[in-house]
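Report on the following structure.
The values are calculated or read from the model by the stated rules, or taken from the named source; none is laboratory data. From a predicted model like this one, the values you see are computed outputs, not experimental measurements. Cβ: placed from backbone, ideal geometry, glycine included. Neighbour counts: every protein chain shown. Heads up: the accessible areas ignore ligands, DNA and RNA and are worked out on the full protein's heavy atoms, side chains in. Shrake-Rupley method; radii C 1.70, N 1.55, O 1.52, S 1.80 Å.
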Amino acid sequence: MTTFRSRQIRALRIAIAAGVLAALTLPIGVTLAWNQLLDSRSTNSVATSGLEIPATPAALIAALGQGGQLSHVAVVTLAASGVGGTAVLVPIGAATEVEQVANASKQESPRRLAEVYARDGLGGLASEVQGLLDVSFVTVAALGRVELINVLAPLGGVEVLLDREVITVAVDGTPTKLADAGETLYPVDRVVDILLARRDNEKESERFARHREVWNGIAERVGAGLELPPEVDATPAGLADVNNFLKRVMAGTLQVWQLSAAPVIDTAVNPKRIDMYSLDRAEVTMVFASVAPSALVGGDYPLTVMIDSPFNDPIVSRAAVARFLEAGIGVGVMREVSARESAATLVAGDSETTADLMSLIADDFGTVTVERWTSPVSGIDASVTLGTEFAELVRSGK
């Protein structure tokens, strides 16, 4: 990487840490993270001769702070290569999904994930996160300070860039300053303390940048991957052990993605105006269809597609996913591919499937051409390659 490019990336990271790119909608500066996430190219190993979607299992990690309270949630996925992967950061204030009922007075109110864990434990949390993300887990774990330090101990130290000082408050109310603003190399125990730090009445949005930067620092320290200890069980059964799972993830390149979170301000949904956030369904699907397609549970969709985009543009990719979901079509795989761009969006499948898709997406994708899919993927009904007309529609705000 050139010095100039390195400075550009550092400047962008500082802007992110300073809250310039707030996580309220799909972040404006997300392209950097998107390019990093695509380095693993997990879904690019999807077969072109009718093979299965590669195994990309996911683990749910609940990080526990003072008094055993839920302080942080990450869904960590393993790359198709068997080492490396992606950490997807989920707000603990994310609102759970609730079933809509006809009688408004009996309508259940959504809860924050933090409250779910406090009341229902790890099992309840896992169930809610699976429903929220439509992702299944091969292992779930609640890790306290000591367990997290042990997991990260091989890193030795981690450089973390902070936009503000970090203060934690003990159970007895004693405040302690853990870190100052700026970039500093911290030992692993301090890194864990920074990740877990919470104060009473502190909005989670004030901690988003901190969580992202801790994980960015971990990813940079992991680099191309740590040496895989010989005692690690590299079989599929070994993935059920969270320590084995995380060691395999850190044995290759680690990517980081923080899900966008918008404060829930609708008083009908959030009458007490608690610190609650909604996720972007299209972004969630886009991310997990990219890094963990085999872990997607999927909804009750009559058709499921694989989307290929030659644009390496998360705004275009998210818009494509959103339009399919709005049309009642599932997205099982999302790939950024190296391919010659064409004006029309190409839909490949059997004649009945392509006819059904054409009737559902109407003019949402500009000019659409159809061909027979000669290399189908198991569990996927059709392949869609986005065209430049669609990309231009998205970029023009249409």
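Evaluating 6.51 cos²θ - 1.76 cosθ + 1.60 at θ = phi - 60° for every residue in the range 54-66, the Karplus couplings come out as x, 5, 9, x, 10, 10, 9, 10, 9, 9, 9, x, 3 Hz, glycine and proline recorded as x. Projected onto their three principal axes, the Cα atoms of the chain cover extents of 67, 56, 44 Å, largest first.
Accessible area of Arg111 (1.4 Å probe, protein heavy atoms only, ligands and nucleic acids ignored): about 50 Å².
Taking only protein heavy atoms and a 1.4 Å probe, what accessible area per residue, in Å², does the range 211-304 have with all protein chains in place?
Details: 4010 Å² over 94 residues.
Value for the range 211-304: 43 Å² per residue.
With a 10 Å radius around each residue's Cβ, average the other Cβ atoms per peptide and rank 84-94, 253-263, highest first.
On the way: 84-94: 24.8, 253-263: 22.4.
By packing density, highest mean first, the sequence is 84-94, 253-263.
Each listed q (0.13, 0.19, 0.20 Å⁻¹) maps to a log10 I(q)/I(0) for the range 307-398, found by the Debye formula over equal Cα scatterers with no solvent: -0.37, -0.84, -0.95. Assuming charge only on the beta carbon of Lys and Arg (+1) and of Asp and Glu (-1), the dipole of the chain about its Cα centre is about 960 debye to the nearest 20. Largest GNM mean-square fluctuation across Arg190, Arg335, Arg207, computed for the chain with C-alpha springs under 10 Å, falls on Arg190. Helix-only arithmetic for the chain: the sum of -39500 (n - 2.57) across DSSP H runs with n ≥ 4, divided by the residue total, places the mean residue ellipticity at 222 nm at -10000 deg cm²/dmol.
Protein heavy-atom surface of the chain, 1.4 angstrom probe: 51% of the accessible area is carbon and sulfur, with nucleic acids and ligands not counted.
Computed over the range 145-232, the P(r) tail beyond 18 angstrom holds 45 percent of alpha carbon pairs.
Modelled spin labels at Ser109 and Thr374, positioned 7 Å past Cα toward Cβ, are 5.9 nm from each other. A straight Cα-to-Cα reach below 14 Å connects Lys203 with the aspartates and glutamates Asp275, residues fewer than 8 places away in its own chain not being considered. Projected onto their three principal axes, the Cα atoms of the range 108-149 cover extents of 38, 22, 12 Å, largest first.
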